[in-house]
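Novice: The structure that follows is given in the form of structure tokens.
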Amino acid sequence: MKLIMLGAPGAGKGTQAEILSERLSIPTISTGNIIREALKSGTEMGVRAKSYMDEGKLVPDEVVIGIIRERLAKDDCKNGFILDGFPRTIPQAEALDNMGAAIDRVIDLEVPDEKIVERMSGRRVCESCGASYHMLFKKPAADGKCDKCGGTLVQRKDDHPDTVKERLRVYHEQTEPLKAYYQKQGKLAVVEGQEAVEDTTRLTLAAVEG
């Protein structure tokens with residue numbers, strides 16, 4: 001099963017991607033995480049990404065796409081994968097299609113903007129392994145510590161409330177058009193995000209199986 005998770009920042013798609021990854025035994029591929037992996041391992045695309053990041057510039061599409069291509073070629077993706085954070089734009093989606101990555105389903109997790117702004121301040125991320133938590137909806141067993149690796153949980157700068165609205169504006173402008181793109185391909189399934197993670201998960205699983 002090859003899946004894409006769509007949804008505005010803070011909609012909870014990362015959490016759903018992790019749950020699906022465990023249920024389906026396929027890897028979750030988060031753009032931020034694989035760029036960090038490429039930087040650590042010093043791949044050609046990783047070195048190119050670092051040169052942009054060192055200058056404080058956005059990593060261009062061609063490099064991000066190259067890193068995605070490298071990651072999808074690994075053995076653990078043979079039975080499928082879940083893309084979280086890619087594609088973000090129509091050109092990236094077209095590049096993914098051109099790679100021959102035949103996506104089975106695109107799950108669009110819908111949550112109202114005002115709910116997202118409310119949620120974001122509670123999100124925490126493990127600085128070691130990248131696992132995500134929420135102080136209300138997905139608490140770690142030990143306060144401030146990752147359940148998976150024991151790493152320290154931190155609040156990312158882009159989760160601060162004063163930056164959330166700008167991120168939502170960019171999402172609606174650049175990424176939301178992907179809904180129509182995948183709707184035309186007959187691959188889009190819309191899931192209404194619920195207050196309880198398990199309720200959203202039930203709807204997400206039904207959308208994947210449907």
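The values are calculated or read from the model by the stated rules, or taken from the named source; none is laboratory data. Quick caveat, the model's predicted, so the values are computed rather than measured. We place every Cβ from the backbone using ideal geometry, glycine too, and count neighbours over all the protein chains shown. For the accessible areas, the whole protein counts, side chains as well, though only heavy atoms, and no ligand, DNA or RNA atoms are used. Shrake-Rupley method; radii C 1.70, N 1.55, O 1.52, S 1.80 Å.
Novice: Mind ordering 155-168, 101-114 by average Cβ neighbours within 10 Å, highest first?
Specialist: Highest-to-lowest ranking by the protection proxy: 101-114, 155-168.
Novice: Hey, what number do you get for the chain at 222 nm if only DSSP H runs of n ≥ 4 count, each worth -39500 (n - 2.57), divided across all residues, to the nearest 500?
Specialist: Helix contribution divided over all residues of the chain: -13500 deg cm²/dmol.
Novice: Per residue, how much accessible area does region 113-167 have with a 1.4 Å probe, in Å²?
Specialist: Counting only protein heavy atoms, the per-residue value for region 113-167 is 61 Å².
Novice: Let me ask you something else. By a straight-distance test (C-alpha under 17 Å), which aspartates and glutamates pair with K115 as possible cross-link partners, with residues fewer than eight away in the same chain excluded?
Specialist: Cross-link targets: D158, D159, D162, E166, E192, E195, D199.
Novice: Can you pull a Stokes-Einstein diffusion coefficient for the chain at 20 °C (1.002 mPa s), Rh from Kirkwood over Cα pairs, as a whole number of µm²/s?
Specialist: Approximately 121 µm²/s, per Stokes-Einstein.
Novice: Over the chain, what relative contact order in percent results from Cα pairs under 8 Å that are six or more residues apart?
Specialist: Answer for the chain is 28 percent.
Novice: Take the cross-link list K2/K184; K78/K187; K50/K138 and give me the ones stretching past 22 Å between alpha-carbons.
Specialist: Distance filter (> 22 Å) returns K50/K138.
Novice: Rank L3, L39, L72 by accessible area, highest first, at a 1.4 Å probe radius?
Specialist: L39, L72, L3
Novice: Please list the non-local residues whose amide H lies under 5 Å from the amide H of S128, H modeled 1.01 Å from N, same-chain partners needing a gap of 5 or more.
Specialist: Sorted by chain and number, the residues that satisfy this are T152.
Novice: How would S121, S128, S21 line up by accessible area, probe 1.4 Å, largest first?
Specialist: S128, S121, S21
Novice: Could I ask something else about it? If amide hydrogens are placed 1.01 Å from N in the peptide plane, which non-local residues have theirs closer than 5 Å to the one on L109?
Specialist: L6, G7, V191
Novice: Quick one: which residues, 5+ away or cross-chain, put their amide H under 5 Å from the amide H of F86? H built at 1.01 Å from N.
Specialist: Long-range HN contacts for F86: T31.
Novice: What span do the alpha-carbon atoms of region 106-183 cover on each of the three principal axes, reported in whole Å from largest to smallest?
Specialist: Computed over region 106-183, the largest-to-smallest principal extents equal 41, 28, 19 Å.
Novice: Per the 1.4 Å probe, what fraction of the accessible area of region 1-102, in percent, lies on carbon and sulfur atoms?
Specialist: Reported share for carbon and sulfur atoms: 50 percent.
Novice: Among the lysines, which have Cα under 24 Å from the Cα of K57 when same-chain residues fewer than 8 positions away are ignored?
Specialist: K40, K157, K165
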